[in-house]
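The values are calculated or read from the model by the stated rules, or taken from the named source; none is laboratory data. Note that this is a predicted model, so its numbers are computed, not measured. Quick reminder, even Gly has a Cβ in these numbers, built from the backbone with ideal geometry, and neighbours come from all protein chains shown.
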Amino acid sequence: MVLVIDIIVLVTALAAGLFWFARAYHMNNNGSSGATVLNYSNQGLTSVGAGIYNQTNATALDLSHNNLRSLPSQMGRMTHLTSLNVSYDSLQGSLIAEIRLMPLVSLDASHNDMTGMPAEIGQLHNLQTLNYSYNQINTLPNELANLTQLNTLNLMGNPLSAAQINSLKAELPHTAIVF
(Lines give C-alpha, C1' and ligand atoms only; values in the text may rest on other atoms or scores of the structure.)
Protein backbone atom coordinates (compact mmCIF):
# COMPACT_ATOMS: atom_id res chain seq x y z
CA MET A 1 0.00 0.00 0.00
CA VAL A 2 2.80 2.44 0.95
CA LEU A 3 4.70 1.64 -2.25
CA VAL A 4 1.58 2.35 -4.35
CA ILE A 5 1.10 5.70 -2.60
CA ASP A 6 4.82 6.49 -3.10
CA ILE A 7 4.54 5.76 -6.82
CA ILE A 8 1.36 7.83 -7.16
CA VAL A 9 3.00 10.79 -5.38
CA LEU A 10 6.13 10.50 -7.52
CA VAL A 11 4.20 10.24 -10.82
CA THR A 12 1.98 13.16 -9.86
CA ALA A 13 5.01 15.25 -8.96
CA LEU A 14 6.84 14.41 -12.17
CA ALA A 15 3.77 15.25 -14.21
CA ALA A 16 3.60 18.65 -12.53
CA GLY A 17 7.29 19.21 -13.27
CA LEU A 18 8.22 19.93 -9.68
CA PHE A 19 11.82 19.71 -8.52
CA TRP A 20 10.85 19.93 -4.87
CA PHE A 21 7.94 17.58 -5.13
CA ALA A 22 6.43 17.01 -1.71
CA ARG A 23 6.08 18.71 1.60
CA ALA A 24 7.91 16.57 4.13
CA TYR A 25 7.80 13.62 1.73
CA HIS A 26 10.03 10.73 2.71
CA MET A 27 11.70 9.12 -0.27
CA ASN A 28 12.69 5.57 0.41
CA ASN A 29 14.70 3.73 -2.19
CA ASN A 30 14.07 0.01 -1.63
CA GLY A 31 14.92 -0.06 2.04
CA SER A 32 17.97 2.20 1.89
CA SER A 33 18.23 5.13 4.23
CA GLY A 34 15.62 7.64 3.10
CA ALA A 35 16.24 11.27 2.25
CA THR A 36 13.70 13.72 3.54
CA VAL A 37 12.87 16.61 1.24
CA LEU A 38 10.94 19.43 2.84
CA ASN A 39 9.19 21.82 0.49
CA TYR A 40 7.74 24.93 2.10
CA SER A 41 8.09 27.16 -0.96
CA ASN A 42 5.32 29.59 -1.89
CA GLN A 43 3.58 29.20 1.48
CA GLY A 44 3.51 32.88 2.48
CA LEU A 45 5.71 32.11 5.50
CA THR A 46 6.98 35.03 7.55
CA SER A 47 8.92 32.87 10.02
CA VAL A 48 10.37 29.37 10.32
CA GLY A 49 8.79 27.52 13.22
CA ALA A 50 9.62 24.44 15.23
CA GLY A 51 7.50 22.32 12.89
CA ILE A 52 10.19 22.86 10.29
CA TYR A 53 13.51 23.06 12.16
CA ASN A 54 12.68 20.12 14.43
CA GLN A 55 12.69 17.83 11.39
CA THR A 56 16.33 17.15 12.04
CA ASN A 57 16.67 14.25 9.58
CA ALA A 58 15.80 16.43 6.59
CA THR A 59 18.40 16.44 3.83
CA ALA A 60 16.86 19.16 1.65
CA LEU A 61 14.83 22.21 2.62
CA ASP A 62 13.13 24.63 0.22
CA LEU A 63 11.90 27.83 1.87
CA SER A 64 11.99 29.88 -1.34
CA HIS A 65 9.37 32.38 -2.48
CA ASN A 66 8.14 33.30 1.00
CA ASN A 67 8.32 36.47 3.08
CA LEU A 68 11.08 35.44 5.46
CA ARG A 69 13.17 38.29 6.89
CA SER A 70 15.45 36.09 9.02
CA LEU A 71 16.10 32.47 9.92
CA PRO A 72 16.07 31.18 13.51
CA SER A 73 19.31 29.94 15.04
CA GLN A 74 17.46 26.69 15.88
CA MET A 75 17.86 25.71 12.23
CA GLY A 76 21.34 24.64 13.29
CA ARG A 77 19.60 21.49 14.58
CA MET A 78 19.16 20.38 10.97
CA THR A 79 22.50 18.58 10.91
CA HIS A 80 21.70 16.36 7.91
CA LEU A 81 20.76 19.20 5.57
CA THR A 82 22.76 19.05 2.33
CA SER A 83 20.59 21.43 0.30
CA LEU A 84 19.06 24.71 1.47
CA ASN A 85 17.06 27.04 -0.76
CA VAL A 86 16.05 30.39 0.75
CA SER A 87 15.89 32.29 -2.53
CA TYR A 88 13.27 34.91 -3.35
CA ASP A 89 12.53 35.74 0.26
CA SER A 90 13.12 39.02 2.08
CA LEU A 91 16.12 37.93 4.14
CA GLN A 92 18.12 40.82 5.57
CA GLY A 93 21.54 41.15 7.15
CA SER A 94 23.34 37.82 7.00
CA LEU A 95 22.48 34.14 7.31
CA ILE A 96 22.70 32.57 10.75
CA ALA A 97 26.11 31.54 12.12
CA GLU A 98 24.64 28.09 12.91
CA ILE A 99 24.73 27.34 9.20
CA ARG A 100 28.19 25.91 9.95
CA LEU A 101 26.48 22.92 11.62
CA MET A 102 24.82 21.84 8.37
CA PRO A 103 26.73 19.62 5.91
CA LEU A 104 25.52 21.72 2.98
CA VAL A 105 26.51 20.85 -0.57
CA SER A 106 24.20 23.43 -2.14
CA LEU A 107 23.05 26.79 -0.77
CA ASP A 108 20.81 29.17 -2.70
CA ALA A 109 20.29 32.50 -0.93
CA SER A 110 19.71 34.50 -4.10
CA HIS A 111 17.20 37.31 -4.62
CA ASN A 112 17.07 38.61 -1.04
CA ASP A 113 18.10 41.82 0.71
CA MET A 114 21.17 40.46 2.50
CA THR A 115 24.13 42.77 3.02
CA GLY A 116 26.66 40.20 4.20
CA MET A 117 27.72 36.58 4.51
CA PRO A 118 28.57 35.00 7.84
CA ALA A 119 32.25 34.16 8.33
CA GLU A 120 31.03 30.68 9.34
CA ILE A 121 30.22 30.01 5.69
CA GLY A 122 33.90 29.11 5.38
CA GLN A 123 33.25 26.07 7.57
CA LEU A 124 30.98 24.47 4.95
CA HIS A 125 33.72 22.19 3.65
CA ASN A 126 31.34 20.11 1.49
CA LEU A 127 29.79 23.12 -0.25
CA GLN A 128 29.89 22.82 -4.03
CA THR A 129 27.33 25.40 -5.17
CA LEU A 130 26.77 28.78 -3.54
CA ASN A 131 24.30 31.27 -4.99
CA TYR A 132 24.16 34.72 -3.38
CA SER A 133 23.12 36.52 -6.56
CA TYR A 134 20.91 39.61 -6.44
CA ASN A 135 21.45 40.66 -2.85
CA GLN A 136 23.19 43.74 -1.47
CA ILE A 137 26.50 42.06 -0.60
CA ASN A 138 29.30 44.63 -0.66
CA THR A 139 31.99 42.80 1.32
CA LEU A 140 33.05 39.17 1.28
CA PRO A 141 34.36 37.21 4.28
CA ASN A 142 37.97 36.04 3.99
CA GLU A 143 36.71 32.60 5.01
CA LEU A 144 35.29 32.02 1.51
CA ALA A 145 38.82 30.96 0.58
CA ASN A 146 38.32 27.85 2.78
CA LEU A 147 35.66 26.48 0.41
CA THR A 148 38.01 24.23 -1.56
CA GLN A 149 35.17 21.98 -2.86
CA LEU A 150 33.22 24.94 -4.26
CA ASN A 151 32.52 24.51 -7.98
CA THR A 152 30.25 27.50 -8.58
CA LEU A 153 29.86 30.81 -6.77
CA ASN A 154 27.19 33.16 -8.13
CA LEU A 155 27.52 36.77 -6.98
CA MET A 156 25.76 38.43 -9.90
CA GLY A 157 23.78 41.56 -9.11
CA ASN A 158 25.69 42.51 -5.94
CA PRO A 159 27.55 45.82 -5.49
CA LEU A 160 31.01 44.23 -5.43
CA SER A 161 34.06 45.75 -7.10
CA ALA A 162 36.12 44.10 -9.82
CA ALA A 163 39.07 44.13 -7.39
CA GLN A 164 37.07 42.11 -4.85
CA ILE A 165 36.09 39.56 -7.51
CA ASN A 166 39.64 39.29 -8.85
CA SER A 167 40.96 38.70 -5.34
CA LEU A 168 38.37 36.00 -4.81
CA LYS A 169 39.27 34.36 -8.13
CA ALA A 170 42.90 34.20 -7.01
CA GLU A 171 41.86 32.56 -3.72
CA LEU A 172 39.47 30.09 -5.39
CA PRO A 173 41.16 29.29 -8.72
CA HIS A 174 39.10 26.13 -9.37
CA THR A 175 35.75 27.82 -8.74
CA ALA A 176 33.59 29.27 -11.50
CA ILE A 177 32.66 32.71 -10.20
CA VAL A 178 29.67 34.36 -11.84
CA PHE A 179 29.66 38.14 -11.41
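For segment 39-58, the tally of residues that are polar (S, T, N, Q), more than 19 Å from I96 (Cβ to Cβ) and surrounded by fewer than 19 Cβ atoms within 10 Å (Cβ to Cβ) stands at 3. Checked against the criterion of being in a helix (DSSP H, G or I) and either surrounded by 14 or more Cβ atoms within 10 Å (Cβ to Cβ) or touching a residue at least 24 places away in the same chain (Cβ under 8 Å) (or both), the candidates I165, I137 yield just one match: I165. Out of curiosity, is L95 free of Cβ contacts under 8 Å to residues at least 24 places away in the same chain and either surrounded by fewer than 18 Cβ atoms within 10 Å (Cβ to Cβ) or outside any strand (DSSP E or B) (or both)? Considered against the rule, which asks whether it is free of Cβ contacts under 8 Å to residues at least 24 places away in the same chain and either surrounded by fewer than 18 Cβ atoms within 10 Å (Cβ to Cβ) or outside any strand (DSSP E or B) (or both), L95 comes out as no.
One line per residue, one yes/no per condition, for (1) within 26 Å of S94 (Cα to Cα); (2) among the aromatic types (F, W, Y); (3) part of a loop (DSSP other than H, G, I, E, B); (4) at pLDDT below 95:
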{"position": "H26", "(1), (2), (3), (4)": "no, no, no, yes"}
{"position": "N29", "(1), (2), (3), (4)": "no, no, yes, yes"}
{"position": "S33", "(1), (2), (3), (4)": "no, no, yes, yes"}
{"position": "V37", "(1), (2), (3), (4)": "yes, no, no, no"}
{"position": "N42", "(1), (2), (3), (4)": "yes, no, yes, no"}
{"position": "L45", "(1), (2), (3), (4)": "yes, no, yes, no"}
{"position": "V48", "(1), (2), (3), (4)": "yes, no, yes, no"}
{"position": "I52", "(1), (2), (3), (4)": "yes, no, no, no"}
{"position": "R69", "(1), (2), (3), (4)": "yes, no, yes, no"}
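Residues in segment 109-133 that are under 12 Å from the mean Cα position of the chain (by Cα), within 18 Å of L160 (Cβ to Cβ) and part of a strand (DSSP E or B): L130, N131. Is it true that M156 is surrounded by fewer than 18 Cβ atoms within 10 Å (Cβ to Cβ) and part of a loop (DSSP other than H, G, I, E, B)? Against the criterion (surrounded by fewer than 18 Cβ atoms within 10 Å (Cβ to Cβ) and part of a loop (DSSP other than H, G, I, E, B)), M156 qualifies. When L68, L104, L63 are checked against the criterion of being buried (at least 18 other Cβ atoms within 10 Å of the Cβ), farther than 21 Å from T139 by Cβ, in contact (Cβ under 8 Å) with a residue 24 or more places away in the chain and among the aliphatic types (A, V, I, L, M), a single residue qualifies: L63.
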